[in-house]
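The values are calculated or read from the model by the stated rules, or taken from the named source; none is laboratory data. These figures come from a predicted structure and were not determined experimentally. Counting neighbours? That spans all protein chains shown, and the Cβs are built from the backbone with ideal geometry, glycine included. Only protein heavy atoms, including side chains, enter the accessible area calculation; ligands, DNA and RNA are left aside. Shrake-Rupley method; radii C 1.70, N 1.55, O 1.52, S 1.80 Å.
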Amino acid sequence: MQGKRLAILVGGGPAPGINGVIGSVTIAACKKGIEVIGIYDGFKWISSTSFDPATHIVFLDIARVSRIHFEGGSILRTARDSLVKGGAIDEAKVENVRKVMESLNVGYLVTIGGDDTAFSASIVAKAMRGNLYVAHVPKTIDNDLPLPGDMPTFGFQTAREVATGIVKNLMEDARTTNRWYFVVIMGRSAGHLALGTGKAAGATLTIIPEEFGDRKIRVEDVCDVIEAAMIKRKALGRDDGIAIVAEGVALKFGDVEEIERILGKSLPRDPHGHVRLAEVPLGELLKNEITRRFEERGKKITIVTKDVGYELRCAPPIPFDIEYTRDLGYGAVAYLVGRDYSEEMKRKGAMISILGGRLNPIPFEEIMDPVTGRTRVRTVDTNSYAYQVARSYMIRLEREDFENPDLVATMARVANMDVESFRKRFAHLVS
């Protein structure tokens, strides 16, 4: 690889700390005498026949990147274009990437992104047959990549801190105005961000897709949980509260067609074929149904919905993510050009991680799901101690509540129901 360049690209959605990785990789590579180029917009241009080196790449040096680690966003921008089409590898796109890498004399590639970008990176590593070494730096505010030692993906901690601040302010507004907020927080496949935010802020309750297991659910199922919590909260003397719901809960509503039927419209999809969950007004669906229920029982309730997600993705990183991305960027270069890893391992490519304070590259083949062939997703373990703690501080209807006659009577009165009807209506939540 003597004389070869190192290229950096960013794929997927933004996350705090991207510039920290770009800066760290660039500085580490330049110190080793390696020329560094940045590729704009992820795989978008290099996988097409429209690639133009005059407008689609930028040369990076230490002076250019020395202070960008404080900044949110990405100086290389980002795009969701992948090397997969209709569930299969798009060989034409892969061939375009190969040609561009060769024309630019690139021998090392650092990709920054989530599970889809990791999968595309693994495809490139395999297609280049050892003529290009690839390192993937895991990035997502969803925290859903399978990193060892429960290490977070970079950007998650910053996103959680910003989200916690937003929820904290909404909690005070809810208390001051005697209203409820339904806050929908980003998290397509996993509820880490919603749960972490709810736990840190002390939200009234948090609902994540993992708590429903593998089964499909209805909008009514989620509304039952929230409605019962609101009734219990009122019985305990409070008219206000915050219910946090992970956006991935929407994908539990049967299938996509079911969601579209509820909304009365088709939903747009991203280049990977995923439904754009930002287009699903989950908060409004829940608000309308629960408002209807309260009104049918002669009760008025004020509910305000709030989507939280885009405000988090380009926030300036907190010190944790600044330090973390410096470690990851340095590790990517150490893996690609260092002597601690075999040529065979480098040809296969790896995802960069830190385990026990040490660099821990994970070969791409080890992070792939044997069933889907795609990058594995890390979900919230609802049997874990961390989840049990979070769950214990939520206001929810519990089994022991039904063993307290006074509380049941109060909740039934609040709901404008008789005790027997209340028991019959909500017993399924604790069965």
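With semi-axes √(5λ) of the Cα gyration tensor in Å as the read-out, I listed (i) 45, 26, 17; (ii) 35, 26, 22; (iii) 46, 21, 18; which label goes with the value calculated from this structure? Of the listed options (i) 45, 26, 17; (ii) 35, 26, 22; (iii) 46, 21, 18, (iii) comes from this structure.
Rounded to the nearest 5, the antiparallel percentage of DSSP beta bridges internal to the chain is 25%. Taking a point 7 Å out from the Cα of Ser431 in the direction of its Cβ, the residues of the stretch 191-232 whose backbone N falls within less than 19 Å of it are 212-229.
Taking the alpha-carbon centroid of each part, what is the distance from the stretch 353-430 to the stretch 144-204 in angstrom? Cα centres, the stretch 353-430 to the stretch 144-204: 15 Å. Between amide H atoms placed 1.01 Å from N, distances below 5 Å from Ile185 occur with Val245, Ala246, Glu247, Val308, all of them 5 or more places distant or on a separate chain.
Under 15 Å from a label point set 7 Å out along the Cα-to-Cβ vector of Arg179, the amide N atoms of the stretch 236-254 belong to 239-243. Largest GNM mean-square fluctuation across Ala88, Ala121, Ala332, computed for the chain with C-alpha springs under 10 Å, falls on Ala88. Residues in the chain average 44 Å² of solvent-accessible surface per residue, probe 1.4 Å, ligands and nucleic acids excluded.
What are the residues whose amide H is under 5 Å from the amide H of Val84, where those residues sit 5 or more places off or on another chain and H is modelled from the backbone? Amide H neighbours of Val84: Asp90.
Candidates Ile18, Ala159, Phe59 compared by Cα position along the dipole of the stretch 16-173: farthest toward the positive end lies Phe59, with charges placed on Cβ.
The simple Förster model, with R0 at 60 Å and r as the Cβ-Cβ distance, assigns Lys216 and Lys168 a FRET efficiency of 0.95.
Under a 5 Å amide H cut-off, with hydrogens placed 1.01 Å from N, Val106 pairs with Arg5 among residues at least 5 apart or on other chains. Here is the link list: Lys168/Lys424; Lys216/Lys265; Lys85/Lys216; Lys99/Lys139; Lys139/Lys216; Lys265/Lys300. Which ones come out longer than 25 Å on Cα distance? Beyond 25 Å between Cα atoms: Lys168/Lys424; Lys85/Lys216; Lys99/Lys139; Lys139/Lys216; Lys265/Lys300.
Highest GNM mean-square fluctuation among Gly202, Gly33, Gly107, for the chain modelled with Cα contacts below 10 Å: Gly33. Within the chain, the selection of entire DSSP H helices by a Cα span of 15 Å or greater along the long axis and an average Kyte-Doolittle value of at least -1.0 returns 18-31, 91-103, 115-127, 156-177, 219-235, 282-296, 319-337. Label-to-label distance, Asn416 versus Phe70, with points set 7 angstrom from Cα along the beta-carbon direction: 5.7 nm. By the helix-only formula, in which each DSSP H run with n ≥ 4 contributes -39500 (n - 2.57) and the sum is divided by residues, the chain has a 222 nm mean residue ellipticity of -12500 deg cm²/dmol.
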